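K.L.:
I'd like to ask you about the structure that follows.
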Amino acid sequence: MPRVLFFIVFLWLGTVYADVITSFDPHGKKEVALTFDACETRTPSYFDPVILEYLLANKIPATFFVSAKFALRNPKELAEVSRYPFIEIENHSYHHYAHMESLSKEKVVEEIMSTQNIIKKASGRKTKYFRFPAGNYDKKTLDTVESLGYKIVHWSFSSGDPDKNIPAERIIKWVTTAAKPGSILIFHINGRGYTTPKTLPVIVGDLKRRGYRFVRLDEVL
Ligand SMILES: [Zn+2]
């Protein structure tokens with residue numbers, strides 16, 4: 001391999017950490033994981049009632065990544081959701097800082113552990129997976145979160161649902177085409193998944209017809 005090419009490959013690999021989970025081994029089965037981010041940053045955020053009702057009424061297994069600010073704003077709803085065993089609740093930090101890699105180690109620990117306690121209090125669930133806000137991290141932050149016993153779970157490809165400019169039809173086509181066994185799908189359930197109330201039933205219906213079933217992350221990781 002020419003030295004220049006070697007360098008490019010090396011640099012490219014250098015930014016990808018093996019420890020961040022972006023898919024799972026489906027063991028030959030047609031399974032995908034539906035995940036939803038319940039983030040709150042500066043504006044108050046709430047569960048999207050249409051998405052929530054759809055998942056609960058149809059008993060669709062899913063994993064929610066909840067930030068502490070969101071949990072504190074929606075304690076009743078979170079307690080209600082936790083009554084459904086097919087919904088998994090996981091950790092998405094306290095403040096939802098878009099760049100946790102710029103925080104001190106102590107601050108990172110506080111972001112994770114305070115959220116763990118708040119979610120536990122609201123839902124009775126002990127979180128074990130963490131998703132970085134906006135997907136940003138570096139090696140140091142990753143190591144810190146892992147030292148707390150967490151596995152980092154991101155997503156296989158972006159659905160594009162926080163982008164108001166992407167039409168529903170395009171999201172449906174993109175997600176149903178890109179999904180494959182072992183994919184971790186990501187949507188937003190905090191009101192920022194602008195088209196998700198419309199696209200989710202179509203996407204789930206399409207995948208089900210093609211023989212897929214949905215799993216919680218803790219069933220497959
Ligand atoms: Zn988020």
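The values are calculated or read from the model by the stated rules, or taken from the named source; none is laboratory data. In this text the structure is predicted, and so the values were computed from the model without any measurement. No Cβ is skipped: glycine too gets one built from the backbone with ideal geometry, and neighbour counts run over all protein chains shown. Just the protein is used for accessible areas: all its heavy atoms, side chains included, with ligands, DNA and RNA removed. Shrake-Rupley method; radii C 1.70, N 1.55, O 1.52, S 1.80 Å.
K.L.:
Any residue that is aliphatic (A, V, I, L, M) and within 16 Å of the ligand (Cβ to nearest atom) - is there at least one of those in segment 52-61?
P.N.:
No, the conditions are met nowhere in segment 52-61.
K.L.:
Please note which helices (runs of 4 or more DSSP H) are completely contained in segment 125-221 and include at least 3 residues that are at pLDDT 95 or above and over 15 Å from Thr35 (Cα atoms). Give the derivation first.
P.N.:
On the way: elements: 139-147, 168-178, 196-209, 217-220.
The helices (runs of 4 or more DSSP H) meeting that bar are 139-147, 168-178, 196-209.
K.L.:
Checking Glu111 against (1) open to solvent by 10 Å² or more (accessible area, probe 1.4 Å); (2) within 18 Å of Ala98 (Cα to Cα), which single condition isn't satisfied?
P.N.:
(1)
K.L.:
Ok, one more. Search segment 75-108 for residues being open to solvent by 20 Å² or more (accessible area, probe 1.4 Å) and among the hydrophobic types (A, V, I, L, M, F, W, C), and hand back the single one that is nearest to the ligand (Cβ to nearest atom).
P.N.:
Checked segment 75-108; the qualifying residue nearest to the ligand (Cβ to nearest atom) is Ala98.
K.L.:
Restricting the search to segment 41-51, which residues are away from the ligand (no atom under 16 Å from the Cβ) and in contact with a Ser or Thr (Cβ under 9 Å, 6 or more places away or on another chain)?
P.N.:
Val50
K.L.:
Mind listing whichever residues of segment 39-65 are hydrophobic (A, V, I, L, M, F, W, C), out of contact with any Pro (no Cβ under 9 Å at 6 or more places or on another chain) and in a helix (DSSP H, G or I)?
P.N.:
Within segment 39-65, Leu52, Leu56, Ala57 meet the criteria.
K.L.:
Restricting attention to segment 114-140, which residues are open to solvent by 60 Å² or more (accessible area, probe 1.4 Å), away from the ligand (no atom under 13 Å from the Cβ) and free of Cβ contacts under 8 Å to residues at least 40 places away in the same chain?
P.N.:
Here is the first cut: in segment 114-140, the ones open to solvent by 60 Å² or more (accessible area, probe 1.4 Å) are 117, 120-121, 126, 128, 134, 139-140.
Those still in the list that are away from the ligand (no atom under 13 Å from the Cβ) too: 117, 120-121, 126, 128, 139-140.
Once the filter is applied, which keeps residues that are open to solvent by 60 Å² or more (accessible area, probe 1.4 Å), away from the ligand (no atom under 13 Å from the Cβ) and free of Cβ contacts under 8 Å to residues at least 40 places away in the same chain, segment 114-140 yields Asn117, Lys120, Lys121, Lys126, Lys140.
K.L.:
Hey, can you tell me all the residues within segment 20-40 that are within 16 Å of the ligand (Cβ to nearest atom) and over 17 Å from Phe130 (Cβ atoms)?
P.N.:
If the condition is that a residue be within 16 Å of the ligand (Cβ to nearest atom) and over 17 Å from Phe130 (Cβ atoms), then Leu34 is the only one that fits.
K.L.:
Quick one: count up the residues across segment 84-124 that are assigned to a loop (DSSP other than H, G, I, E, B) and within 18 Å of Trp155 (Cα to Cα).
P.N.:
Number of matching residues: 5.
K.L.:
I need the full set of residues from segment 173-189 which are of a type in the set (A, V, I, L, M, F, W, C) and open to solvent by 40 Å² or more (accessible area, probe 1.4 Å), in order please.
P.N.:
Hit for segment 173-189 is Trp174, nothing else.
K.L.:
Where residues in segment 144-201 are over 26 Å from Pro44 (Cα atoms) and among the charged types (D, E, K, R), which of them is nearest to the ligand (Cβ to nearest atom)?
P.N.:
Here the residue is Lys151.
K.L.:
(1) open to solvent by 20 Å² or more (accessible area, probe 1.4 Å); (2) in contact (Cβ under 8 Å) with a residue 40 or more places away in the chain; (3) within 14 Å of the ligand (Cβ to nearest atom): which one isn't true of Phe64, the others all being true?
P.N.:
Unmet condition: (1).
K.L.:
If you go through segment 141-159, how many residues are hydrophobic (A, V, I, L, M, F, W, C), within 12 Å of Ile21 (Cβ to Cβ) and open to solvent by 10 Å² or more (accessible area, probe 1.4 Å)?
P.N.:
Result for segment 141-159: 1.
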